[in-house]
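Visitor: Sending over a structure as structure tokens; questions will come in a sec.
The values are calculated or read from the model by the stated rules, or taken from the named source; none is laboratory data. Predicted model, so just to flag it, every value in this text is computed and none were measured. All Cβ positions, even for glycine, are placed from backbone atoms using ideal geometry, and neighbour counts span all protein chains on display. The area values use the complete protein model at the heavy-atom level, side chains included, leaving out ligands, DNA and RNA. Shrake-Rupley method; radii C 1.70, N 1.55, O 1.52, S 1.80 Å.
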Amino acid sequence: MVCHQPCDLAIRNMLADQGCPWPDITDQLNPYEVTFNTMSEDTDRPVTYRQAGVDIDAGNALVQAIVPLARATSRPGADAALGGFGGLFDLKQVGFRDPLLVAATDGVGTKLRIAIESGQHETIGTDLVAMCVNDLIVQGAEPLFFLDYMATGRLDVATARDVIAGIAEACSQSGCALIGGETAEMPGMYQSGDYDLAGFAVGAVERDCILPRSDVAAGDKILAIASSGPHANGYSLVRRLVEAAGLGWNDPAPWAPSASVAKSLLTPTRLYVKPLLTALRTIGPSSGAIKALAHITGGGLSENIPRVLPDEAAAAIDLASWRQPTVFAWLAKAGRLPDEEMLRTFNCGLGMILVVAADRETDVTSALKHAGETPLLIGEIVQRHAQAVVYQGSLDDTP
């Protein structure tokens with residue numbers, strides 16, 4: 001029989017005696033309300049996993065929907081087949097001589113809220129892959145395989161397929177096999193429609209080709225490759241400024257009126273793997289022409305460039321050497337943000353930094369152009385005195 005009000009009241013009184021408020025869990029139960037009955041002669045019907053909020057059939061339907069997506073990412077070493085307890089990769093097929101494995105994991109931060117609130121899920125998977133594989137290439141590593149994790153309160157197969165389609169496409173563009181993943185349906189853990197993502201990537205690099213090199217020194221040149229926007233960093237601040245400006249996700253973006261606010265801000269993170277691998281292989285990965293790479297993520301230029309510099313070296317950056325995209329100028333104006341705050345929060349238009357030997361700058365620039373990039377010379381390495389990054393001039397803040 002169902003518990004009645006006297007039992008309910010007794011529990012309330014007990015909690016009150018202990019100084020604990022009675023929790024209102026009504027909202028938490030929707031849409032997975034389950035009434036648990038005590039066993040009696042009147043009813044012995046079971047409470048199923050589906051009634052508790054976990055739909056195994058929906059999970060199986062998703063697996064079937066993404067099998068061809070994963071298969072399309074197959075590469076030497078992996079057939080990208082799904083369904084096993086673990087993903088397999090044959091390192092021998094790749095042809096490395098003396099490899100080191102490099103692993104990276106990341107998410108997409110609160111950029112995910114824009115995808116959820118606007119209902120635009122097609123590109124957020126690209127961000128997930130890019131955040132991981134870009135961290136591999138900066139160590140000179142070729143991405144080999146990727147696994148994803150998606151958690152939600154209630155699985156929406158169509159949404160999940162859109163997300164994973166973006167993941168698979170980005171894996172293909174990066175030469176990285178999608179060999180497995182996990183979709184966790186956890187009722188009570190997430191609000192309706194919400195989900196979270198995490199990605200895991202593994203790559204390999206020859207032992208004598210790992211970056212950064214130890215010979216970064218004063219006089220080396222600093223090149224940069226453009227970003228596509230904020231990528232997947234700084235979005236807690238971005239969302240707050242958009243809200244303060246009274247903008248909705250479907251409104252025209254003040255910095256790009258031909259696109260909506262959501263469409264512009266969901267521009268996916270650039271994948272730098274193929275052009276950088278091409279450049280490294282063209283000039284010789286162990287030649288010393290490219291000494292270090294830095295992926296500009298959370299912490300902006302100010303926090304990420306020092307991660308690849310020796311203690312005695314600093315980066316002297318000329319802020320007038322590039323013009324930041326209009327979205328950054330709008331953010332700076334909307335938030336009254338000084339250059340210092342912009343440079344330690346956003347990439348400000350530069351998603352990848354290269355430290356190159358001064359006498360090989362022309363070779364590296366030529367290799368990058370051949371790979372389809374337009375590198376910018378933005379500074380050089382100097383002797384460090386105090387700060388690891390020294391800025392000259394100011395950011396262009398013209399929206």
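Visitor: Determine which single condition residue 15 fails, assuming it passes every other condition in (1) at pLDDT below 85; (2) open to solvent by 60 Å² or more (accessible area, probe 1.4 Å); (3) out of contact with any helix residue (DSSP H, G or I) (no Cβ under 9 Å at 6 or more places or on another chain).
Guide: Of the numbered conditions (1) at pLDDT below 85; (2) open to solvent by 60 Å² or more (accessible area, probe 1.4 Å); (3) out of contact with any helix residue (DSSP H, G or I) (no Cβ under 9 Å at 6 or more places or on another chain), the odd one out for residue 15 is (2).
Visitor: Considering only residues that are touching a strand residue (DSSP E or B) at 6+ places or on another chain (Cβ under 7 Å) and within 30 Å of residue 247 (Cβ to Cβ), look in region 125-152 and name the one that is surrounded by the fewest Cβ atoms within 10 Å (Cβ to Cβ).
Guide: Across region 125-152, the extreme among qualifying residues is 151.
Visitor: Here is a follow-up. Which pairs do you get when a residue that is in a loop (DSSP other than H, G, I, E, B), found in region 90-101, comes within reach of a residue that is modelled with pLDDT of 95 or more and open to solvent by less than 60 Å² (accessible area, probe 1.4 Å), reach meaning Cβ atoms under 9 angstrom, with the pair 6+ apart or on two chains?
Guide: If the second residue must be modelled with pLDDT of 95 or more and open to solvent by less than 60 Å² (accessible area, probe 1.4 Å), the pairs left are 96/142; 96/204; 96/205; 96/206; 97/206; 98/206.
Visitor: Do we find a residue being touching an Asp or Glu at 6+ places or on another chain (Cβ under 6 Å), assigned to a helix (DSSP H, G or I) and open to solvent by 30 Å² or more (accessible area, probe 1.4 Å) anywhere in region 233-244?
Guide: no
Visitor: For region 283-295: of the residues being out of contact with any Asp or Glu (no Cβ under 9 Å at 6 or more places or on another chain) and buried (at least 18 other Cβ atoms within 10 Å of the Cβ), which is nearest to residue 393 (Cα to Cα)?
Guide: 294
Visitor: Given 311, 359, 339, which one is open to solvent by 40 Å² or more (accessible area, probe 1.4 Å) and in contact (Cβ under 8 Å) with a residue 60 or more places away in the chain?
Guide: 311
Visitor: Taking residue 84, is it buried (at least 19 other Cβ atoms within 10 Å of the Cβ), in contact (Cβ under 8 Å) with a residue 60 or more places away in the chain and either farther than 30 Å from residue 284 by Cβ or over 17 Å from the mean Cα position of the chain (by Cα) (or both)?
Guide: no
Visitor: Okay, next question. How many residues does region 102-124 hold that are in a loop (DSSP other than H, G, I, E, B), closer than 12 Å to residue 239 by Cβ and open to solvent by less than 10 Å² (accessible area, probe 1.4 Å)?
Guide: 0
Visitor: Can you name the residue in region 265-282 that is open to solvent by 60 Å² or more (accessible area, probe 1.4 Å) and touching a residue at least 40 places away in the same chain (Cβ under 8 Å) and is also farthest from residue 362 (Cα to Cα) among such residues?
Guide: For region 265-282, the residue satisfying everything is 270.
Visitor: For region 64-81, give me the residue count where each residue is open to solvent by 30 Å² or more (accessible area, probe 1.4 Å), at pLDDT 90 or above and not in a helix (DSSP H, G or I).
Guide: 4
Visitor: Only residues that are touching a residue at least 24 places away in the same chain (Cβ under 8 Å) and not polar (S, T, N, Q): list them for region 244-264, please.
Guide: Answer for region 244-264, where residues must be touching a residue at least 24 places away in the same chain (Cβ under 8 Å) and not polar (S, T, N, Q): 244, 245, 249, 253, 254, 255, 256, 262, 263.
Visitor: In the list 371, 386, 367, 334, which residue meets the criterion of being among the aliphatic types (A, V, I, L, M) and at pLDDT below 95?
Guide: 386
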